[in-house]
Amino acid sequence: MIPAHETYRTKRIYDTKRLPGRTEIRLSDRVVELGDQEFAWYQKVVEWLPSVRGVAELSQDLGLGESKVPRFLEALEKTGLLYRIDPGAHTLTGLEFHAKFSSVLESWLSEAFSHPFWERMMTGKGSARLFTGWLIELYHYTKNANRHMPLSCAYGREKAIKQLRAKHYAEEWNHYHYFMKSLKALDFKEADIAASVPLPMTLALSNFMRQAAREDILAYSICSAVLEGTTTNRGAYSPYYEKSAELYGVPRAAIAPIYAHLDLDVQYQHSDLFKEILETVPTLSPERAARTLDYGHQLVEHIWLWTDNIEKYYEADTSPVPRLPFDALLD
């Protein structure tokens, strides 16, 4: 019999909500509810799995007979909190991997945009200043594509993938000008925006993409695919812009270029690029697949932190808008 340590792994948890007498655990595809006792047992299993302790010790921790431990682990597997490892783990085709990615993308995007900033903006508790700050940082991030997209071409080893990445770069390299148009409609001067500096997390997001490009072209491509994931359906992004116009007096002239950019992404079918890339990949090892998925989820976490940095900086009335470069005399 294969030891339980080598049989089970824990599923990624996206949110945990403690309620009277129970805990709700949100996974990528479901919400699992555990009573207080079961949740305490689950936490002990989570601590035990990566350890070298035996089933007898877990049995003692849980206060269950040793023969009942396997049944409890099976029950956790049925809920989706644990998954079973295939001891003869096999390679995946590129399209099999894309199916796996597609199954988690929606939950990843939900996590990326779960920051309170979005609810705040949609419920009238935000401000035109916050909308402007988010737009400025979006300008900087999009301009910084010129720092990481060329690396994705340079470090790609497979000719077919290199060509697809180069095509994507040729279609994207100057799209920051759409956000410049929006900012000019908000009465900012082009020279002031161009001379401003991005927030630390805007640079961090860009530098993470650079790291991914150097690590593995698929790691970079899954990050790109997550970012493109919000452009597949205009109805998914229109409410934010429409609500901002209604609540904070954002002029239509500032929103129109953003729509034009998103519509162009749809026209170029950039949301299909990751699938096109994976169609050229005959096999992925389990290790490469796991590393690629990990990069995708790290990108999600970077988006959340990026949003947090934007909110904290731009909600402060003392913060210059746009952010000024360092000045030895002023600073």
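State yes or no: is S28 in contact with a helix residue (DSSP H, G or I) (Cβ under 7 Å, 6 or more places away or on another chain), free of Cβ contacts under 8 Å to residues at least 24 places away in the same chain, surrounded by 14 or more Cβ atoms within 10 Å (Cβ to Cβ) and of a type outside the set (D, E)? Spelling it out, it is not the case that S28 is in contact with a helix residue (DSSP H, G or I) (Cβ under 7 Å, 6 or more places away or on another chain), free of Cβ contacts under 8 Å to residues at least 24 places away in the same chain, surrounded by 14 or more Cβ atoms within 10 Å (Cβ to Cβ) and of a type outside the set (D, E). Can you find even one residue in the stretch 169-178 that is at pLDDT below 95, assigned to a loop (DSSP other than H, G, I, E, B), in the same structural domain as W306 (by TED's automatic domain parsing) and closer than 30 Å to F97 by Cβ? Yes: the stretch 169-178 contains one or more residues that are at pLDDT below 95, assigned to a loop (DSSP other than H, G, I, E, B), in the same structural domain as W306 (by TED's automatic domain parsing) and closer than 30 Å to F97 by Cβ.
Quick check: is even one residue across the stretch 21-37 in a loop (DSSP other than H, G, I, E, B) and in contact with a His (Cβ under 8 Å, 6 or more places away or on another chain)? No, the stretch 21-37 has no match at all. Every test in (1) at pLDDT 90 or above; (2) outside the structural domain of E228 (by TED's automatic domain parsing) is passed by E66 save one, and that test is (1).
The set of residues from the stretch 181-205 being under 19 Å from H148 (Cβ atoms) and buried (at least 20 other Cβ atoms within 10 Å of the Cβ) comprises P198, L199, M201, T202, L205.
None of L82, L58, L62 is surrounded by 17 or more Cβ atoms within 10 Å (Cβ to Cβ) and touching a residue at least 60 places away in the same chain (Cβ under 8 Å) except L82.
Within the stretch 45-64, restricting attention to residues that are in a loop (DSSP other than H, G, I, E, B) and of a type in the set (G, A, S), which residue is nearest to Y8 (Cα to Cα)? Result: S51. Within the set P282, P257, P325, P286, the sole residue that is under 27 Å from T123 (Cβ atoms), more than 17 Å from the chain's Cα centre (by Cα) and not aromatic (F, W, Y) turns out to be P257.
Picking from residues in the stretch 112-134 that are among the hydrophobic types (A, V, I, L, M, F, W, C) and in contact with a helix residue (DSSP H, G or I) (Cβ under 6 Å, 6 or more places away or on another chain), the one that is surrounded by the most Cβ atoms within 10 Å (Cβ to Cβ) is F131.
Somewhere in the stretch 29-43, is a residue closer than 22 Å to T292 by Cα and within 21 Å of the chain's Cα centre (by Cα)? Yes; the residues of the stretch 29-43 include at least one that is closer than 22 Å to T292 by Cα and within 21 Å of the chain's Cα centre (by Cα).
Annotation note: Cβ proximity below 7 Å between a residue of the stretch 105-131 that is under 16 Å from W304 (Cβ atoms) and a residue that is surrounded by fewer than 14 Cβ atoms within 10 Å (Cβ to Cβ) (sequence gap 6+ or interchain) occurs for S107/D29. Just one residue in the set P325, P257 is on the phi < 0 side of the Ramachandran plot and surrounded by fewer than 15 Cβ atoms within 10 Å (Cβ to Cβ); that residue is P325.
Of all residues in the stretch 146-169, those satisfying the criterion of being surrounded by fewer than 21 Cβ atoms within 10 Å (Cβ to Cβ) and in contact with a Phe, Trp or Tyr (Cβ under 7 Å, 6 or more places away or on another chain) are N146, P150, C153.
The set of residues in the stretch 296-319 that are among the small types (G, A, S) and surrounded by fewer than 20 Cβ atoms within 10 Å (Cβ to Cβ) comprises A316, S319. Restricting attention to the stretch 280-295, the residues that are touching a Gly at 6+ places or on another chain (Cβ under 9 Å), within 16 Å of S224 (Cβ to Cβ) and either modelled with pLDDT under 90 or surrounded by 16 or more Cβ atoms within 10 Å (Cβ to Cβ) (or both) add up to 1.
The values are calculated or read from the model by the stated rules, or taken from the named source; none is laboratory data. The shown structure was predicted, so the numbers you read here are calculated from the model rather than taken from an experiment. Neighbour counts run over all protein chains shown; Cβ positions are idealised from the backbone, glycine included.
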